[in-house]
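Okay, here's the structure, questions in a sec.
The values are calculated or read from the model by the stated rules, or taken from the named source; none is laboratory data. Small disclaimer: the values here were computed from a predicted structure and weren't measured. Here the Cβ positions follow ideal geometry from the backbone for every residue, glycine too, while neighbour counts run over all protein chains shown. Just the protein is used for accessible areas: all its heavy atoms, side chains included, with ligands, DNA and RNA removed. Shrake-Rupley method; radii C 1.70, N 1.55, O 1.52, S 1.80 Å.
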Amino acid sequence: MIQFTNVNKWFNTLHVLNNINLQVKQGEVIVVCGPSGSGKSTLIRTINQLEPINDGKLIVDGKDLSDKSTDINKLRAEIGFVFQQFNLYPHLSVISNITLAPIKLRGLSKKDAEEQAMQLLTRVGLAEKRDVYPSQLSGGQQQRVAITRGLAMKPRIMLFDEPTSALDPEMIGEVLAVMQDLAKSGMTMVVVTHEMGFAREVAHRVVFMDAGTVLEEAPPEEFFCNPQTDRAKQFLNQLLTPMHGATCN
Amino acid sequence: MLSYKFDWSVITSGQYHEWLISGLKVTIQLSISGILLSFLLGLIVAVMRMSHLKLFRWSACVFLEFTRNTPLLVQIFFWYFGSYKLLPTAVNEWLNNTGFEFAAALIALTIYTSAFIAEDIRSGVLSIPKEQMEAAQSSGFSYIRSMQYIILPQAVRITIPPLVNQFLNLAKNSSLAMTIGVMELTYQARQVESYTFKGFEAFTAATVVYLAISVIITFLVDQYNERVLQIHKGA
Ligand SMILES: Nc1ncnc2c1ncn2[C@@H]1O[C@H](COP(=O)(O)OP(=O)(O)OP(=O)(O)O)[C@@H](O)[C@H]1O
Ligand SMILES: [Mg+2]
C-alpha cells in the first residue's frame with residue numbers, strides 16, 4: 001500500500017529523512033514514534049505529498065509520487081489526513097466540513113453526502129452536533145469530526161499526526177476509541193503518536209525514528225519489551241508509565 | 001449674497017426633482033454594478049497575485065502597479081477616449097446605443113477599485129493559517145479549489161472592514177463619471193444648478209444622498225458581519 005525505498009529529504013542543509021525504507025501493507029496499522037524533531041511528521045506528510053521527497057522512491061496505493069503523470073489531488077482524495085490541531089474549517093458547520101469534499105470532489109448529491117455524514121457522525125457519537133460550528137466544540141469533539149471528515153471520502157489509507165497531543169487528558173480516550181474502532185474495521189493506518197497503550201493494543205508494527213532514520217521496526221510487544229537500541233530504550237524509559245513496563249516478562 | 005433666496009421646492013418636486021432622481025438611479029446602478037464587478041475582479045487578481053505560476057503573478061503585479069499609481073480620472077478618460085479607437089466598429093455602434101459613457105465609467109471604476117480590493121484580500125488570505133490550505137489539499141482539493149471553498153471565504157470575512165471602505169470609495173468616485181457625460185447624480189445636480197441657479201439646494205441634496213448611500217452600505221455590511229462574527233464567537 002505504501003512503500004518507501006531509500007527515501008531522503010532535506011530542509012536546506014538539514015537531513016530530515018535519511019534513507020528511509022518502510023513498507024505498509026493493506027489493512028496494517030503502523031505506529032510511528034520517536035523523540036521530538038526526529039522527522040515523524042515529515043515522514044507521514046510525505047505520504048500525501050504535503051512534503052515532497054528529494055530522493056528515492058515512494059509508492060502510495062500503486063502510484064509513484066515522483067512520477068509526473070501521477071494526479072496528486074486524486075491520490076490525496078484517497079488518503080485521509082488527521083492533524084494534531086484538527087484544522088477544521090471554521091467558517092463551515094460540522095456537517096459542511098464533512099460533506100464539502102464528497103460533494104465537490106466525488107460528485108455526491110447534498111442529500112446523499114449528508115446521509116453518509118450522519119451515519120459517520122453517529123458512529124463517533126456526534127450526531128447531535130451536525131449544525132454546530134467547530135469553535136463551539138471541545139478539542140476531542142473537533143478531532144472526532146476531523147476523523148469523520150477524512151472518512152467521508154471513503155479513503156484507502158488514513159494518516160494521523162499526533163491526533164491526541166493537543167487534547168486535554170480526559171478527551172484523549174474518546175478519540176483513541178474512534179481510531180481503535182477504525183483499525184478493527186481493517187483500515188490501513190499510519191499513526192504518529194506517543195500513546196503507547198494504543199500502540200500495544202492495535203498496532204501491527206511500531207516504527208521508532210531518531211534523527212531522520214528508522215532505528216527500529218518491530219511488533220509492539222517486541223519493541224516495548226525488548227528494544228534493540230540505546231536510543232529506543234532511553235526514549236521508552238522517559239515515556240512509559242510503570243504500568244506499561246509491568247506487562248513485560 | 002444675503003439676497004440669495006432658498007427655494008427647496010426646486011429639488012423636492014417638479015422637473016428638476018426628476019432630474020436628480022434619475023441621476024440618483026444612475027449613481028446607484030453604477031455603484032452596485034461597480035461593487036460587484038470590482039469584487040469579482042479583485043478576487044481573481046488576488047488569486048493570480050498569489051499563484052505559484054510566474055506568469056500570473058507577474059501580470060497581476062503589473063496590473064496592480066498601473067492601476068493603483070495612475071489617477072482614476074485619467075483611467076476614466078483612457079477607457080472613454082482611448083478604448084474607443086481600439087474597438088471594432090460594430091462593438092462601438094452597439095456601445096453607442098447602449099450608453100458608452102456608462103460602460104467606460106463602469107470599466108474604469110471596476111478596474112481601479114479592484115486593485116485595492118485585491119491587495120486587501122491578499123492580506124486577508126495571508127492571515128489565514130497555512131494549515132487550512134494543508135487540510136484542504138489533503139482532502140484532494142487543488143490549489144484553486146482550496147482557495148475557492150476554504151481560504152477565500154475565510155479571508156473575505158476578515159477583509160470586510162477594508163472592503164467596505166473600498167465600496168464607499170467606489171460609490172463616491174462614481175461622481176467622476178460626470179466628466180465623460182454620464183448622467184449620474186453629480187451631473188444632474190450640476191444641470192439643475194445651471195438651469196435654476198439653485199446650486200446650494202441642488203448640491204446639498206446630492207451631498208445628503210451620497211452620505212445616505214455610505215450609511216446604507218456600512219449598515220448592510222455591518223449586519224452581515226455581525227451574523228458572521230456570531231458564528232465565530234462560540235466556545
Ligand atoms: N518546513 C520546514 N522547514 C525547515 N525545517 C523543518 C520544516 N519542518 C520541519 N523542520 C525540521 O525538521 C526536523 C523534523 O521535523 P518533524 O516535524 O518531522 O519532527 P517530528 O518528529 O514530527 O517532531 P515533533 O515530535 O516535535 O512533532 C526538525 O528539526 C524540524 O525543525
Ligand atoms: Mg510532529
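At 222 nm, what value in deg cm²/dmol follows for chain A if DSSP H runs of at least 4 each add -39500 (n - 2.57) and the sum is divided by all its residues, to the nearest 500?
Calculated from helices alone, the mean residue ellipticity at 222 nm is -11500 deg cm²/dmol.
About the Cα centre of segment A:50-205, what is the dipole size in debye to 20, counting +1 per Lys and Arg Cβ and -1 per Asp and Glu Cβ, all else neutral?
520 debye
Do any residues of segment A:72-95 lose at least 20 Å² of accessible area when the full set of protein chains is present rather than just their chain alone, and if so which, with a 1.4 Å probe?
A:Asn73, A:Arg76, A:Phe83, A:Asn87, A:Tyr89, A:Pro90, A:His91
A further question follows. Using C-alpha positions alone, give me the convex hull volume of segment A:8-161 per residue in cubic angstrom.
Here the figure is 138 Å³ per residue.
Still on this structure: On a C-alpha basis, how far is the centre of segment B:169-218 from the centre of segment A:3-17 in Å? Whole number, if you could?
Going from one Cα centre to the other spans 66 Å.
Extending each Cα 7 Å along its Cβ direction at A:Ser185 and B:Phe6, get the distance between those two points in nm, one decimal.
7.5 nm
Ok, one more. Taking a probe of 1.4 angstrom, what is the accessible area of A:Ile72 in Å², to the nearest 10?
In the full protein context, A:Ile72 sits at about 40 Å².
So for segment A:74-223, Kirkwood radius off the Cα pairs, Stokes-Einstein at 25 °C and 0.890 mPa s: how many µm² s⁻¹?
On the way: Rh = 16.0 Å.
Once the numbers are plugged in, D ends up at 154 µm²/s.
Could you give me the percent of Cα pairs per 10 Å distance bin for segment B:89-187, shortest bin first, beginning at zero and ending with the bin that holds the maximum distance?
Percent of pairs per bin, in order: 15, 31, 23, 20, 11, 1.
Looking at chain A, which longest stretch skips every one of the trypsin sites (Lys or Arg not before Pro) that is in a DSSP loop with at most 12 other Cβ atoms within 10 Å, leaving the sites themselves out?
Within chain A, the longest run free of exposed trypsin sites (Lys or Arg not before Pro) spans A:69-249.
Considering only C-alpha atoms, what is the centroid distance from segment A:41-116 to segment B:102-151, in Å?
For segment A:41-116 versus segment B:102-151, the Cα centre distance is 22 Å.
Near B:Lys172, which lysines are there with a Cα under 18 Å away, not counting those fewer than 8 places off in the same chain?
B:Lys25
Sticking with this structure for a sec: Considering chain A, which cysteines have no disulfide-compatible partner, defined as another cysteine with its Cβ under 4.7 Å away?
A:Cys33
So what is the calculated 222 nm ellipticity per residue for chain B, using -39500 (n - 2.57) for each DSSP H run with n of 4 or more, over all residues, to the nearest 500 deg cm²/dmol?
-25500 deg cm²/dmol
Any idea what the relative contact order of chain B is, in percent, if you count C-alpha pairs under 8 Å spaced at least 6 apart?
30 percent
Also: Can you list residues from other chains, or at least 5 along the same chain, whose modelled amide H is less than 5 Å from the amide H of A:Ser93?
Placed amide hydrogens put nothing under 5 Å from A:Ser93.
To continue, here is another question. Given a cut-off of 21 Å, name the pairs among A:Lys57/B:Lys54; A:Lys25/A:Lys63; A:Lys25/B:Lys130; A:Lys129/A:Lys184 whose C-alpha atoms lie farther apart than that in the structure shown.
A:Lys57/B:Lys54; A:Lys25/B:Lys130; A:Lys129/A:Lys184
Please give the total accessible area that chains B and A bury against each other, computed with a 1.4 Å probe and expressed in Å² to the nearest 100.
For B against A, buried area totals roughly 2000 Å².
Between B:Gln15 and B:Arg227, what is the spin-label point distance in nm, taking each point 7 Å from the Cα along the Cα→C-beta axis?
Inter-label distance under the simple model: 4.5 nm.
Right, here's the next one. For chain B, with a Gaussian network of springs between Cα atoms less than 10 Å apart, report the residue from B:Arg145, B:Arg122, B:Arg49 with the top mean-square fluctuation.
B:Arg145
Which parts of segment A:136-152, residue by residue, lose 20 Å² or more of accessible area when the rest of the protein chains are there, as against the chain isolated (1.4 Å probe)?
A:Gln136
Tell me, what is the FRET efficiency for B:Leu36 and A:Cys248 to the nearest 0.05, using R0 = 51 angstrom and their Cβ-Cβ distance as r?
Values: r = 69 Å, r/R0 = 1.35.
The value I calculate is 0.15.
In the calculated pair distance distribution of segment B:15-234, what percentage of Cα-Cα distances lie above 23 Å?
Values: 13352 of 24090 pairs.
Cα-Cα pairs of segment B:15-234 separated by over 23 Å account for 55 percent.
At a Förster distance of 41 Å, what's the computed FRET efficiency of A:Glu78 paired with B:Asn165, Cβ-Cβ distance as r, to 0.05?
Result of the calculation: an efficiency of 0.40.
What residues from segment A:1-27 fall in the zone where the backbone N is under 14 Å from a label point 7 Å along the Cα-to-C-beta line of A:Asp55?
Residues passing the 14 Å test: A:5-21.
Could you give me D for segment A:16-68, from Stokes-Einstein at 20 °C and 1.002 mPa s, where the hydrodynamic radius is the Kirkwood radius over C-alpha pairs? Units µm² s⁻¹, please.
Answer from the Stokes-Einstein relation: 176 µm²/s.
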